Amino acid sequence: MALSAASAFRALHGIFAVYKPPAVHWKSVRDTIEMKLLRELNSLKQPAPRQKILFLPQSHESSSGVEITKVVTSVPALLDHILVRGPSFTHLKVGVGHKLDMKSSGVFVIGIGNDHITRDRLERVLAMIQGTNQKALIMHSRMDLKSQEAYEMAVQGNLRPMEKSPPLLLGVRCVEFSPPNFTLEIRCMHETQQYLRKLIHEIGLELRSSAVCTKVRRTRDGPFTLECALTHGHWDLNSITNAVRECSAIATELRKDDANLIWEKRPNEDSLDNEGRSLH
């Protein structure tokens with residue numbers, strides 16, 4: 001029995017790997033695969049066109065002459081004809097894993113279709129990852145979890161590691177879900193961009209797919225937010241002086257809250273009274 005185009009299309013959903021040759025752009029590999037798949041899908045058996053019921057005139061001779069009557073007739077709907085609607089398949093959702101540059105060659109992961117990935121599944125994966133990090137945070141905080149102080153700090157989300165720790169997630173949530181793209185808001189400590197990109201990759205694996213981090217944007221660093229961050233046009237003496245004055249209260253709180261922060265003058269800059277912060 002010949003495989004139908006619809007069955008073949010459903011069987012394509014998933015991930016696989018191809019070999020990317022050198023001197024070929026990864027987009028060319030992706031587009032070539034999509035083009036070949038579309039061509040083969042459209043060459044397979046297509047659904048039969050729908051039938052329309054029409055009352056067509058039909059003539060026949062009688063003793064009184066030629067009589068015309070209307071006969072109920074089933075005819076194919078022209079809207080379903082390939083010459084009218086065009087090919088059945090014109091686009092595939094083709095995603096890629098870790099990209100390779102022009103000179104590189106080797107394993108190149110590709111995914112087709114993301115219909116099995118829903119917001120609920122994504123949020124379940126995020127909850128699992130956050131739970132794992134919460135346990136690690138408790139371990140590094142060295143707090144007695146049976147104490148009232150530890151309980152209140154955990155409820156308020158103020159638990160912090162008491163010593164140097166690996167990157168820790170304090171919270172993660174999905175703020176935008178538009179398959180195949182999604183945006184996460186992450187609160188973390190001791191993170192690096194490499195860690196965040198690896199996190200997105202692991203989320204894709206948990207979803208039985210592939211995911212790549214395309215952009216990282218820091219919206220808060222402790223008490224500092226985007227609202228108090230100077231844009232390029234305000235990197236001048238007057239604007240920076242005003243910003244230092246407005247942030248003086250924040251700087252004072254930072255000195256009080258973290259005993260590990262050491263504020264000291266930089267060498268040979270006494271006349272400018274500059275202060276630098278070093279973490280130990």
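The values are calculated or read from the model by the stated rules, or taken from the named source; none is laboratory data. None of the values given here were measured: they were computed from a predicted structure. Glycine gets a Cβ as well: all are built from the backbone with ideal geometry, and neighbour counts include every protein chain shown.
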Look at Q51 and say whether it is in contact with a helix residue (DSSP H, G or I) (Cβ under 7 Å, 6 or more places away or on another chain) and polar (S, T, N, Q). no
Could you tell me which residue of the stretch 141-182 is modelled with the highest pLDDT, considering only residues that are among the basic types (K, R) and at negative phi? R173
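Suppose the filter is of a type in the set (A, V, I, L, M), over 30 Å from C213 (Cβ atoms) and surrounded by 13 or more Cβ atoms within 10 Å (Cβ to Cβ); does L44 pass it?
yes
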Which numbered condition in (1) of a type outside the set (S, T, Y); (2) touching a residue at least 24 places away in the same chain (Cβ under 8 Å); (3) surrounded by 10 or more Cβ atoms within 10 Å (Cβ to Cβ) is the only one that K70 fails? (2)
Candidates A229, A211, filtered to the one that is under 19 Å from the mean Cα position of the chain (by Cα) and surrounded by 13 or more Cβ atoms within 10 Å (Cβ to Cβ): A211
Exactly one of E149, E123, E176 is acidic (D, E), surrounded by 11 or more Cβ atoms within 10 Å (Cβ to Cβ) and out of contact with any Gly (no Cβ under 8 Å at 6 or more places or on another chain), and that one is E123
Which listed residue is among the basic types (K, R) and either surrounded by 12 or more Cβ atoms within 10 Å (Cβ to Cβ) or within 17 Å of A211 (Cβ to Cβ) (or both), from K99, K135, K103: K99
Are any residues in the stretch 19-39 surrounded by fewer than 13 Cβ atoms within 10 Å (Cβ to Cβ), under 22 Å from the mean Cα position of the chain (by Cα) and farther than 16 Å from S105 by Cα, and if so, which ones? D31
